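One structure is given here, and the rest of the page talks about it.
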There are 4 protein chains.
Amino acid sequence: MARNLVAAGHAVAVYDLVEDLVAACAAAGAASAESARAAVSDAEVVISMLPASRHVRGLYLEDGLLAVIDPSATVVDCSTIAPATAREVAGRARERGIDMLDAPVSGGTAGAENGTLTFMVGGEGAVLDRVRPLLEHMGVNIFHAGGPGAGQTAKVCNNMLLAAQMAATAEALALGAAGGLDPGTLSAIMQRSSGGNWPLNVYNPWPGVMEGVPASRGYTGGFLVDLMIKDLELALDAATESGTPVAMGSLARNLYRLHRQVNEAGELDFSSIQLLVDPAAGGKPGAQDPGCKWRCSERV
Amino acid sequence: MARNLVAAGHAVAVYDLVEDLVAACAAAGAASAESARAAVSDAEVVISMLPASRHVRGLYLEDGLLAVIDPSATVVDCSTIAPATAREVAGRARERGIDMLDAPVSGGTAGAENGTLTFMVGGEGAVLDRVRPLLEHMGVNIFHAGGPGAGQTAKVCNNMLLAAQMAATAEALALGAAGGLDPGTLSAIMQRSSGGNWPLNVYNPWPGVMEGVPASRGYTGGFLVDLMIKDLELALDAATESGTPVAMGSLARNLYRLHRQVNEAGELDFSSIQLLVDPAAGGKPGAQDPGCKWRCSERV
Amino acid sequence: MARNLVAAGHAVAVYDLVEDLVAACAAAGAASAESARAAVSDAEVVISMLPASRHVRGLYLEDGLLAVIDPSATVVDCSTIAPATAREVAGRARERGIDMLDAPVSGGTAGAENGTLTFMVGGEGAVLDRVRPLLEHMGVNIFHAGGPGAGQTAKVCNNMLLAAQMAATAEALALGAAGGLDPGTLSAIMQRSSGGNWPLNVYNPWPGVMEGVPASRGYTGGFLVDLMIKDLELALDAATESGTPVAMGSLARNLYRLHRQVNEAGELDFSSIQLLVDPAAGGKPGAQDPGCKWRCSERV
Amino acid sequence: MARNLVAAGHAVAVYDLVEDLVAACAAAGAASAESARAAVSDAEVVISMLPASRHVRGLYLEDGLLAVIDPSATVVDCSTIAPATAREVAGRARERGIDMLDAPVSGGTAGAENGTLTFMVGGEGAVLDRVRPLLEHMGVNIFHAGGPGAGQTAKVCNNMLLAAQMAATAEALALGAAGGLDPGTLSAIMQRSSGGNWPLNVYNPWPGVMEGVPASRGYTGGFLVDLMIKDLELALDAATESGTPVAMGSLARNLYRLHRQVNEAGELDFSSIQLLVDPAAGGKPGAQDPGCKWRCSERV
């Protein structure tokens, strides 16, 4: 993301706990900052991306970064965090006169490198309009979801739906394969029917159906099961807050937990849920002859 | 379907238990037959569409229709039935030298009228090629799913996935609305993100988001909850036969049963599952203020 | 069961496809019959126990056993089958003047040997009263569930509840263990609290908590996962027939399917669902250190 | 609880935000304190019961109650809160030299009045032994669950299991009723079979089966749906913390949310989940003829 901003001619100061990442950006023409505080001083726009709610609250509130950001600056936090935390931090920024947007992304590392990310933005529309040109160097879809926190809410809703439809797609493919259908043929049919969805379009979970997706390279790369579970936690915490019934989303979360645990799959791509539903998915298409033999190698 | 065949210049003989339907076809230029037997005698191609497995077995086997069909004819059964029944009847047809395809459709009454149905076909490819020109007068997507019964398997897999992703979409919209998002805005975002799916593209379940869909006319018309539950039974029976875990599909079925029962919704469109997940969906977008008040009007 | 009847002084003629079983009964004093027909001729009471609905229909209707049973005899079918089949066969018996009861049992092989089975009986109360002394030689609880088929309905309801509460108990124990509790201590607490249930009383699923149960001998013996899945099919078919929402029961079934598939657990006792929920259950109590390492030993 | 301590001859100082409750205790012989601080000064044992984690943290830590409690005193917090909060507050007490136990109860208001509560206690066994005589004036089962927080963990595990088995019991009864069984007869059978559990023993959810339970008085009184949902949140938060798969518990939570929402049931007893699963449960036993007609009284 930083490299795309540099390439577009912007002056970018970068800070990260991982020095190699800073060095890589510096090599691309960014200035390397000694600290987060150093990076944001004098910045017109501050862009952050952190792992979880506690880091965002820690950095901006507890570590006091808000205090050193110029009130005329705009803060764009691209972390995926709890909507409530996003609202809280944006509110505290507002008290200091700083405009802050929550702008979680989707599109993965490939999207970040190619500048094809999707941004789901919460905050004032006028503020978004001001930084939109900047975001357009990093992404192709810039959605204004609503007020503060709305970007996070949109992201967690989307990812809860994604988890559910990936699991449901895996079940449909397993059911078809068990009935003798070729998973590729069934995928092609459902893709153009009412079962059509994003996984069938670009991220088929059955090995070998689609080239270049994690399912066709042993479920490596992609979006990890551990990260999907983390996103589902945000979604289901939001559901707890509002009391919304999300039975399908909750079941998807538990299937992912079962998958992580039984198949030690935390670091596989999330489309590997296919292996929970049908361990034979690694075998020859259409066969229930397991290509993968799951064994209890040792029992105390 | 018959009218589209007539319009394409084919000679069509029609029979149905409902005389008005026969009359409507006759008015369009079809010949009206006195019985199923009369309709199929001398036919080169026999096309049937019946409510359930027992009717297909009843008509072709028990009532002996196979015995009066010319062995050189091709039978295309467009009913949605159990894959096992489709295989059984096709096998009995084969014994008499008759080629039979299972060819369930999707696309609803609108698709039937406009000739834009999707056909999912099971049986020999060569037989399908022979009748394909005929099917193309009635539909735009003609998929060859595999051998006998494969059309039915593809259909039930697709509809199980559809039920699950409709319910999951309803949950995501409810969660977003509870978090203050406008359902239309959230739909637009998810549609172009990894949550994208057929319901968001053409069949949005939230009232008012999309024009011309059941959700925007009180969930009337469309594909009834009762019919979705029937299709889910076929899918889950197939899962029982093969022992395939289909937790998401099973939960979707039970949510539909709850919806039918608690909301007396059997004759509403299946996208009305939105009302189970969020009874406020009928109200103003983004509000939890219930537009629909569910009441126990009387308790013994 | 036959041996207990013999021991009580009754004249018993026995037939089974497995000759060793017949021989074992003969050694205990029963007469061995050459066929089912031979066994039932002249019998005052006919007692049968078969694997599934199709065998019961096959034996009594298709093979015509009803035709050779004396109309004054009483038939007691102890198979666990579909309520609808039980009603059908009992109705056909009635046409021949024969009183027939459905009387599925619970209590396992130990209950059969010790004469401590539970009978859930469907049919007329007066008929049950007539054979009750006989049943009391084989079991201790003889319940009159209602009219024909009611014994089967009671059995499938009970077993659906059992499957659900075994799975829920396994989850509660896993959650407690993950939180540092000793599963034995937690079991003792819940057993005497509102979480109390049959599994906690006599069939604890966590290894080592209770002596003499399958969980404490590697989940061998007991009631197999495959058989629980079969019973759940009967329950869920009944739910389909009546349209009853059984979301918990359906989820339990799918967890058992996942367990069978991922852990190759079809022939383990059904309390082994604990291993799906917490593969560490085999390890030291309270630890998440897996005692059992599940591995994909081979992937194509 | 206070009255039972007074009746046992202990000197009790009482404080509550609700003055009437303090007055009621004073009338029974307790001293009424002006504030929480006044109540705990000079106390040998401090017993608290608060609605949620934030109140416990607020009272003991933020409001500084720990600072005014004598280090030789023992604190017994009977609130049902998050295990992590219980551990945190107990840790802070320890720093001041104060022994603190978490001791959530079950048994409801009836148990509190009759002195028949169950206490699930976390903390050191020696500390529990010291206050055990006191607890025995208020309850009959005093369980030592383990170290700090273990009482809370035991309580949330128990209540998650309770919610799941109540919902599963409701499904089994609905399935039996749909199949023509009398719910009372079916309850009696399952109670003494492997489906046996606490709800069937003392808290049957079907109206009229058992006297004196909420189900037989319109689901009034008892343990509210809203409170069960709150307890499930604690359980499922703990599951999120440890990553434990709790599919059954999660589904139970979502069924309760659906029930609360669709039936406006937040203030009904939690056994009213029977009405979600079978709205006809209010009608005559064994009939699907709904005694309660659920209507959308108004739709915008």
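From the set of residues in the stretch A:149-165 that are more than 7 Å from chain B (Cβ to nearest Cβ) and touching a strand residue (DSSP E or B) at 6+ places or on another chain (Cβ under 6 Å), which is nearest to residue B:82 (Cα to Cα)? Spell out how you get there, then give the answer.
Going through the stretch A:149-165, the residues more than 7 Å from chain B (Cβ to nearest Cβ) turn out to be A:149, A:151-152, A:155-156, A:159, A:163.
Narrowing the set further to residues that are touching a strand residue (DSSP E or B) at 6+ places or on another chain (Cβ under 6 Å) leaves A:149, A:151-152, A:155.
Working: A:149: 47, A:151: 44, A:152: 43, A:155: 39 Å.
Only one residue fits best here, namely A:155.
Cβ-Cβ under 6 Å, sequence separation 6+ or interchain: first residue in the stretch A:170-193 and surrounded by fewer than 20 Cβ atoms within 10 Å (Cβ to Cβ), partner in a helix (DSSP H, G or I). Which pairs?
Pairs found: A:191/A:200.
So if I check each of B:41, B:72, which one is more than 18 Å from residue B:95 (Cα to Cα) and among the hydroxyl-bearing types (Ser, Thr, Tyr)?
The conditions single out B:41.
Out of B:112, B:145, B:174, report the one residue that is under 20 Å from residue A:165 (Cβ atoms) and small (Gly, Ala, Ser).
B:174
Give A:21, A:101, A:17, A:61 a once-over and let me know the one that is over 25 Å from residue A:143 (Cα atoms), of a type in the set (A, V, I, L, M, F, W, C) and surrounded by 15 or more Cβ atoms within 10 Å (Cβ to Cβ).
A:61
Any chance the stretch B:155-172 includes a residue that's at negative phi and touching a Cys at 6+ places or on another chain (Cβ under 9 Å)?
yes
Test residue C:109 against the criterion of being over 20 Å from residue D:190 (Cβ atoms) and modelled with pLDDT under 95, and give yes or no.
Taking the combined requirement at face value, the residue satisfies it.
Which condition breaks for residue B:135 when tested against (1) of a type outside the set (Val, Ile, Thr); (2) in contact (Cβ under 8 Å) with a residue 40 or more places away in the chain; (3) outside any helix (DSSP H, G or I)?
Only one criterion is unmet by residue B:135, namely (3).
Report, by residue number, each residue of the stretch B:69-87 that is more than 14 Å from the chain's Cα centre (by Cα), within 17 Å of residue B:39 (Cβ to Cβ) and in contact (Cβ under 8 Å) with a residue 40 or more places away in the chain.
The answer is B:74, B:76.
Can you pull out the residues in the stretch D:224-248 that are more than 22 Å from residue B:262 (Cβ to Cβ) and in contact with an Asp or Glu (Cβ under 8 Å, 6 or more places away or on another chain)?
D:240, D:244, D:245, D:246, D:247
Mind listing whichever residues of the stretch A:211-238 are free of Cβ contacts under 8 Å to residues at least 40 places away in the same chain, within 20 Å of residue A:157 (Cβ to Cβ) and not charged (D, E, K, R)?
Scanning the stretch A:211-238 gives a single hit, A:229.
Checking the condition surrounded by fewer than 17 Cβ atoms within 10 Å (Cβ to Cβ) and either touching a Phe, Trp or Tyr at 6+ places or on another chain (Cβ under 6 Å) or within 24 Å of residue D:242 (Cβ to Cβ) (or both), which residue from D:87, D:92 passes?
Answer to the check: D:92.
Restricting attention to the stretch A:166-185, which residues are facing another protein chain (nearest Cβ under 7 Å), out of contact with any strand residue (DSSP E or B) (no Cβ under 7 Å at 6 or more places or on another chain) and of a type in the set (A, V, I, L, M)? Steps first, answer last, please.
Taking the stretch A:166-185 and keeping what is facing another protein chain (nearest Cβ under 7 Å), we get A:167-169, A:171-172, A:174-176, A:178-182, A:185.
After this cut, where a residue has to be out of contact with any strand residue (DSSP E or B) (no Cβ under 7 Å at 6 or more places or on another chain) as well, the list is A:167-168, A:171-172, A:174-176, A:178-179.
Once the filter is applied, which keeps residues that are facing another protein chain (nearest Cβ under 7 Å), out of contact with any strand residue (DSSP E or B) (no Cβ under 7 Å at 6 or more places or on another chain) and of a type in the set (A, V, I, L, M), the stretch A:166-185 yields A:167, A:168, A:172, A:174, A:175, A:178.
Filter the stretch D:241-273 for residues that are closer than 26 Å to residue C:145 by Cα and either out of contact with any Leu (no Cβ under 7 Å at 6 or more places or on another chain) or at pLDDT below 95 (or both) and give the result. Give the derivation first.
Here is the first cut: in the stretch D:241-273, the residues closer than 26 Å to residue C:145 by Cα are D:271-273.
Residues satisfying the conditions are D:271, D:272.
Quick check on this structure: which one of C:226, C:237 is of a type outside the set (Phe, Trp, Tyr), under 13 Å from the mean Cα position of the chain (by Cα) and surrounded by fewer than 20 Cβ atoms within 10 Å (Cβ to Cβ)?
On the way: C:237 fails: under 13 Å from the mean Cα position of the chain (by Cα).
Going through C:226, C:237 in turn, just one is of a type outside the set (Phe, Trp, Tyr), under 13 Å from the mean Cα position of the chain (by Cα) and surrounded by fewer than 20 Cβ atoms within 10 Å (Cβ to Cβ): C:226.
Among what's in the stretch C:264-278 and is in contact with an Asp or Glu (Cβ under 7 Å, 6 or more places away or on another chain) and more than 14 Å from chain D (Cβ to nearest Cβ), pick the residue that is nearest to residue D:247 (Cα to Cα).
The first filter runs over the stretch C:264-278 and keeps only residues in contact with an Asp or Glu (Cβ under 7 Å, 6 or more places away or on another chain), leaving C:266-267, C:277.
Now restrict to residues that are more than 14 Å from chain D (Cβ to nearest Cβ): C:266-267.
Details: C:266: 20, C:267: 23 Å.
Among residues in the stretch C:264-278 that are in contact with an Asp or Glu (Cβ under 7 Å, 6 or more places away or on another chain) and more than 14 Å from chain D (Cβ to nearest Cβ), the one nearest to residue D:247 (Cα to Cα) is C:266.
Quick one: which of C:170, C:145, C:177, C:163 is of a type in the set (Gly, Ala, Ser) and farther than 27 Å from residue C:234 by Cα?
C:177
Residues that are touching a His at 6+ places or on another chain (Cβ under 9 Å) and under 30 Å from residue B:156 (Cβ atoms): does the stretch B:75-88 have at least one?
yes
Any residue at all in the stretch B:137-153 that is under 16 Å from residue B:227 (Cβ atoms), surrounded by 15 or more Cβ atoms within 10 Å (Cβ to Cβ) and either over 17 Å from the mean Cα position of the chain (by Cα) or at pLDDT 95 or above (or both)?
Among the residues of the stretch B:137-153, at least one is under 16 Å from residue B:227 (Cβ atoms), surrounded by 15 or more Cβ atoms within 10 Å (Cβ to Cβ) and either over 17 Å from the mean Cα position of the chain (by Cα) or at pLDDT 95 or above (or both), which makes the answer yes.
Name the residues in the stretch A:186-204 that are in contact with a Ser or Thr (Cβ under 6 Å, 6 or more places away or on another chain), hydrophobic (A, V, I, L, M, F, W, C) and within 7 Å of chain B (Cβ to nearest Cβ), would you?
Correct list: A:198 only.
Filter the stretch B:112-136 down to the residues that are within 14 Å of another protein chain (Cβ to nearest Cβ) and surrounded by fewer than 20 Cβ atoms within 10 Å (Cβ to Cβ), then identify the one that is nearest to residue A:191 (Cα to Cα). Spell out the reasoning first.
Just the residues of the stretch B:112-136 that are within 14 Å of another protein chain (Cβ to nearest Cβ), to begin with: B:116-123, B:125, B:128.
Retained after the next criterion (residues that are surrounded by fewer than 20 Cβ atoms within 10 Å (Cβ to Cβ)): B:116, B:125.
Values: B:116: 16, B:125: 21 Å.
So the residue we want is B:116.
List pairs: first residue in the stretch A:242-263 and more than 9 Å from chain B (Cβ to nearest Cβ), second residue among the acidic types (Asp, Glu) and assigned to a helix (DSSP H, G or I) anywhere in the structure, Cβ distance under 9 angstrom, at least six positions apart or on different chains.
A:253/A:233; A:260/A:226
Taking the condition of being surrounded by 16 or more Cβ atoms within 10 Å (Cβ to Cβ) and of a type outside the set (A, V, I, L, M, F, W, C), how many residues in the stretch C:38-54 meet it?
Pass one, the stretch C:38-54, residues surrounded by 16 or more Cβ atoms within 10 Å (Cβ to Cβ): C:39-40, C:43, C:45-50, C:52-53.
Keeping just the survivors that are of a type outside the set (A, V, I, L, M, F, W, C) gives C:48, C:53.
Count: 2.
The values are calculated or read from the model by the stated rules, or taken from the named source; none is laboratory data. Predicted model, so just to flag it, every value in this text is computed and none were measured. A quick note on method: Cβ atoms are made from the backbone with ideal geometry, for glycine too, and the neighbour counts reach across all protein chains shown.
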